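Read-outs: derived from the displayed coordinates by stated rules, not from any lab. Because the structure is a prediction, the values reported are computed rather than measured. With ideal geometry, Cβ positions are generated from the backbone for all residues, glycine too; neighbour counts draw on all protein chains shown.
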Amino acid sequence: MRQYPLILLFLSLAGMAHTQNAYQAAANRLAADPSLKNGSLSVSVVDVESGKLLASYEPERSLSPASNLKVLTTASALALLGPDYRFQTQLEYDGALSAEGQLDGNLYLTGYGDPALGSPLLEEAMPLEALMERLRMAVQQAGIRRIKGAVRGDASAFGSSSSVGSWQWEDMGNYYGAGAWALNLHENLHYLHFQQQGQLGAIPPIAGVEPDIPGLQFTNEVVSAARGTGDNAYIFGAPYQFNRYVRGSIPVGSGIFTIKGSIPDPPLFAAQCLRQSLATVGITAAGAASRLDGQPGGRRRLYTHYSPPLSLIVKRTNMESVNLYCEAMVKVIGWEKKQKGSTTAGLEALKSYWEEQGLSWEGCYLSDGSGLSDANAVTSLFLARLLRLMARKDASLFSPFYESLPEAGRSGSLRNALKGTAAEGRLRAKSGTLERVRAYSGYATARNGRLLAFSVIANNFEGSGGAIRQKIERFMLELCKN
């Protein structure tokens, strides 16, 4: 009888060893795949409760994480700003307001990083038209009937630098490379509509831009490709550059085909939208302009607009991999913690925070918050340990973070992955994709209910991105099966 506890302990340890060996075997199989012969792979699987590294393959190798970097940015934003944090945008004026309603000064829309201002895509955000109506009503209620000065979009809090120097030229004209200002609007994106053509090689004419952006012009070099080829059209242009080229292809057809581009100057566009909205009720202004340097002073506030809570913004960030939201979060972290709204200040602040939590930064080199830069490098061990630290925080922080990650077979980038398997509903992970980069980082619930934090990063693999993705999915499935 006395031997039974020892036998049970032995069986328990044997089962644990078997499970751990199964994880390691899965990592070894992935590493041995011929597609990675000339490439690089980093794998780490950490037990959340104990912190033990259960499986690994070159866990400390520095690799490009692509959008897996968003787990760091969103976790940091929740921890440093709080899930209930709301971005602010101020409507202000300077100068004197006469009894007759003439403002001898300027009207300002002053931003502090809200990435969802006037968003057409975040359900909880106030859309552009409703936002402009709210701002217009605030001006009317203040008794302003004429503005002798200009309507100004003030983005001075974060300066004029919206993008990161290591971003690629071919990204910045497209919506995902729009960059982040202190004053963003409509997710800094526009919709570019084409009238499809029925003949291969024909140029599909531009059918319109939505919303209308004054001064924005396109040289259209897009051609018609075979049916089913999808969106292979790219817009070329940098911030503040209004003459843009569109190259690539869209499929033949007879309907309207739409791609998304970046707004060249969101602060200016915000001022133009507000001026136009005011004009609909007869409130005139001398012009519209942006303000990108200096600090506001001597102004009176008319209205403060608040974004939806950060927890909802984080959810869309990870579910839909929104670069703008992450870049804005990093700058706001810098603004709130270091009084400087820059990418550099934000990255310094979040690095300091996590190092204080015991997370080593060894092997990590960061250029942005979204993962768009191919100059970023992290290790899978860094991301797995970050995820473990986040899982051990208070539920008020961990719950919105965990729920923001795509769920296997159900949501986000994993909605069509691993359906009907042991991973469906038990695995959540952020995907990452760049040229010759595929990565996944997140959580898996093992068969015995144990929560695992994991990260898998593959660089410079042979073959298609879809093929390596399927192989990584098979690895992730093993984490849930054992």
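Structure above, values below:
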quantity: Label-point separation in nm, residue 52 to residue 392, each point 7 Å along Cα→Cβ; calculated: 1.5 nm
quantity: Total charge dipole magnitude, the range 88-306, about the Cα centre, Cβ charges on Lys, Arg, Asp, Glu only, Debye to nearest 20; calculated: 440 debye
quantity: Whole-angstrom gap from the range 35-100 to the range 351-410, using each part's C-alpha centre; calculated: 6 Å
quantity: Inter-label distance for residue 38 and residue 355, nm, one decimal - labels placed 7 Å from Cα along Cα-to-Cβ; calculated: 3.8 nm
quantity: Karplus-derived 3J(HN,Hα), 6.51/-1.76/1.60, for each residue of the range 41-58, Hz, glycine and proline x; calculated: 9, 9, 10, 9, 10, 10, 6, 5, 5, 9, x, 6, 7, 8, 7, 7, 8, 6
quantity: Lysines whose Cα lies under 24 Å from that of residue 338, excluding same-chain neighbours fewer than 8 positions away; calculated: 70, 351, 393
quantity: Kirkwood hydrodynamic radius of the chain, Cα pairs, Å; calculated: 24.2 Å
quantity: Stokes-Einstein D (µm²/s) once Rh is taken as the Kirkwood radius of the range 255-344 over alpha-carbon pairs, at 37 °C in 0.692 mPa s; calculated: 198 µm²/s
quantity: Loop GluC sites (Glu not before Pro), the range 334-368, which have at most 16 other Cβ atoms in a 10 Å radius of their Cβ (DSSP); calculated: 362
quantity: Per residue, the convex hull volume that the Cα atoms of the range 133-285 enclose (Å³); calculated: 119 Å³
